Every structure is written in structure tokens, then in C-alpha cells.
């Protein structure tokens, strides 16, 4: 059975079949060729996999992000960020990073944030810096999107891991690493700007200008507080928090910024539905493969092999992280969550590893993979919008990738650095 699944999956994926359908065809082939299970098992597992209340949080958070982007919030965020850090050498790079750190609290995705940041910053950065540096900053900053809560990636992980992982706990675990990556990027951008002789273009703002920019951005700044605070305080679940985020976005767009129009609702719904359908299709079609692997006792075999290699939780974590770095180079992150979490998460629990710790470093590892070729989806988005070749963009982005890998290493080997936040709230 395992051989049939592997051969069918890789054969169909190599000829260009989308990953979701390659997984579905692999499970179909395994049932037809090497299993006594009835064929109806596949649609039954697909329906059961997507019949999930927490899964509703994904389209709702995506819709909230789409609405906030159409509500003119990015311009206010840029104005606010410029008032804080625009006067530092390499100012536009700092403004981009700070804007994304705030935008991450609204959208929770890297690809959408990459497109939004590129539309605002690529042109000005091209005039102020060189093309590679500006595009690299945009791509690396967009990668903060799935780290600072809310995060669609963390929701998918929690759904695939089951009840042992809290979505709210994962959200809180991302706060400190997200800030570390943002601060590290700003430090690195400042050092690179100084070494390359980029000019200081902004002026230190007066207190009145900062106050005005803060007031204009305040409705956006409060959204993560309302959404995440409500989840942590037990007022509502992750799915209910996503619904609150949609209502909040509508209120801000129609009544505060007044840039959201009824005609914007249709495109926002369509885009969020398209993005959600990709994730849901992956979950549904991969569920039958996961079930077949469980029937074939693959997780048990992998766990026994790993225990024969090492009994150390630290060594196990190191092996998994190295494996995920390679996986992230070749496999789309959602597919990796759906295929690997059901196998590796129970093994991590057997090693006595904290489920929040393992879950967060798993997510962070695959998020870094979105910046690594040959299948770095954020790289493809920014390269297409900037006009740069993928090779030139990779050459510019590698220092920021090393920074994110350094933060990943800190999180793997010093979990107390960031787990104190979810622990503070009882997770």
C-alpha cells in the first residue's frame, strides 16, 4: 500500500498534477490496487475531514484581511510606521517591516501580505535602494504574516494535530518570535543600508505628527487586541474570533476609513473563497491518504525507527527540523502540514515534547520554507510583481533567510524564550 501511494503521488506530481489532486489519486490507487477497504472510504474520509467547526476560522480570517486591505488601512499603517521609523537610515525598509508586523495582526497570511506590500513599497524602494534589496525586504517582511497572530498556518496545524494543541496557544506563541524577526530585520536592514551608503531620507517627526498618525491608525491597531484578546480571555473561540474580525473590518471600512464600498464585498468574498478552497481541497483529499497510512501503521513504524536512532527529544527535534527545511524547499506548506502533522505530532508527544513547542517550531520551519527555492511561494509572488528574476531575488533575500533560521534555532533550543507568553495565559 505504501509503495502504491508513494509511486502514484510522485508520478502525478512530477507531471504537473496539483498536489491536492495528486494526493487524491494516490489514495484512489492504493484502495483499488492494494487494499481491502471499500472505495466509499475516500469520500467518507473527505467529508469527515472538512466537517470541522474550527476550520471555519480560515475563510473568515481571510475575508477579514481582504476587507481590511480594501478599506484603505495599509495607507494608514504606512503613515503610522513612517512617523515612527522613517527617519532611520534605510527608512523605507523599516517602514515596510513595521507595517507588516501590524498588518500580520489583521491578515495572517504571507502571500496576500506580499502582494499588498509589493504594491506600496516596490516602486519607492526601487528609487531609494537597489532593486534586489527592496524586493528582498518586501518578501522577507511578508513572511512575518503567518507568525504574528492570527495565522492561517497555525489553524491548519492545530486542526491536523487534534485536541492536544490550542489554536489560541499557538497564536500567543508567535508573538515573541514575530517581534524578534521584525527587530532583527530592521537591524540587518540598517547595517546593510549603512554599508551600502543608502541616504537618510526622512526627518525625525514631531510629537504632534506621531499623535495624528497614531490616531488615524488606531482602529487598525485595536483589531488584533479585540480578536486575540477575546480568544485569550475565553470570550469566544477561534472561529467566533474570526467572525468578530469580519464584523470589525466591515465597521472600520464603512464607518471609519469610509473607503470600503458595497461593490468591494463581491471580489473580497471571491478571493477569500478561492484561497480557502485550496486549503480545504488539500485537507479533504489528503485525509484519505493519512487514513491509509495509519491503517498501514506507518506512524508506528516511523516512531519505532526514530526511537532506535535516538531517545533524546532534542536530537529528535533537530532531525525533524532538518527534514522540514528540506521539505519546505520542495513542497507547498499547507500540503506539508496535512501530510506530515498526523505522523510527526504524535511521535513528538511520545518523546515528551510540549505540543505548543513542537507545533510552533513546525509552523515556523515551514514558513521559512516559503522563502527558499525552488518552491518558495513568497519568492514567486514578489519576483513576478517586481520584474526581478528568481535568482536575483534569492541573492538579495538570503541574509534575511539566515536571520529567520537563527530565530528558528532559538525557538527550537530555548523554548522558554517565547513559551512564557502562552503560559502566562494558561496554555
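The table below gives the values:
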read-out: Modelled FRET efficiency - R0 25 Å, residue 15 with residue 395, Cβ distances, 0.05 increments; value: 0.20
read-out: Packing rank of 343-354, 269-280, where each peptide gets the mean count of other beta carbons within 10 Å, highest leading; value: 343-354, 269-280
read-out: Net length gained if the chain between residue 131 and residue 200 were fully extended (0.36 nm per residue, minus Cα distance); value: 23.1 nm
read-out: Most fluctuating residue given options 322, 285, 74, as computed from a GNM of the chain linking Cα atoms under 10 Å; value: 322
read-out: The stretch 50-424 - percent relative contact order, Cα under 8 Å, separation 6 or more; value: 28
read-out: Centroid-to-centroid separation of the stretch 17-49 and the stretch 243-274 [C-alpha atoms, Å]; value: 37
read-out: Degrees separating the helix 73-85 axis from the principal Cα axis of the chain, which is the longest one; value: 60
read-out: Theoretical FRET efficiency, 1/(1+(r/R0)^6), r = Cβ-Cβ of residue 325 and residue 294, R0 41 Å, to 0.05; value: 0.95
read-out: The stretch 270-407: relative contact order as a whole-number percent, Cα under 8 Å and 6+ apart; value: 23
read-out: Most to least packed among 240-247, 167-174 [average Cβ atoms within 10 Å]; value: 167-174, 240-247
read-out: Three-way shape label, the stretch 111-215, alpha-carbon gyration tensor, a/c 1.5; value: prolate
read-out: Inter-centroid distance (Cα atoms) of the stretch 171-209 relative to the stretch 351-427, Å; value: 18
read-out: Most fluctuating residue given options 403, 103, 32, as computed from a GNM of the chain linking Cα atoms under 10 Å; value: 32
read-out: Exposure proxy ranking, count of Cβ atoms within 10 Å, fewest first, for 367, 50; value: 50, 367
read-out: Fully extended contour minus Cα-Cα distance, from residue 33 to residue 350, at 0.36 nm per residue; value: 110.8 nm
read-out: Using alpha-carbon coordinates, inclination of helix 2-14 to the longest axis of the chain, degrees; value: 40
read-out: Ordering of 336-342, 209-215 by burial proxy (mean other Cβ atoms within 10 Å per residue, highest first); value: 336-342, 209-215
read-out: Spin-label pair residue 304/residue 417, simplified geometry with 7 Å Cα→Cβ offset, distance in nm; value: 3.7
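Throughout, read-outs are computed from the coordinates displayed, never taken from laboratory work. None of these values were measured; they are calculated from a predicted model. Positions of Cβ are backbone-derived with ideal geometry, glycine not excepted, and every protein chain shown enters the neighbour counts.
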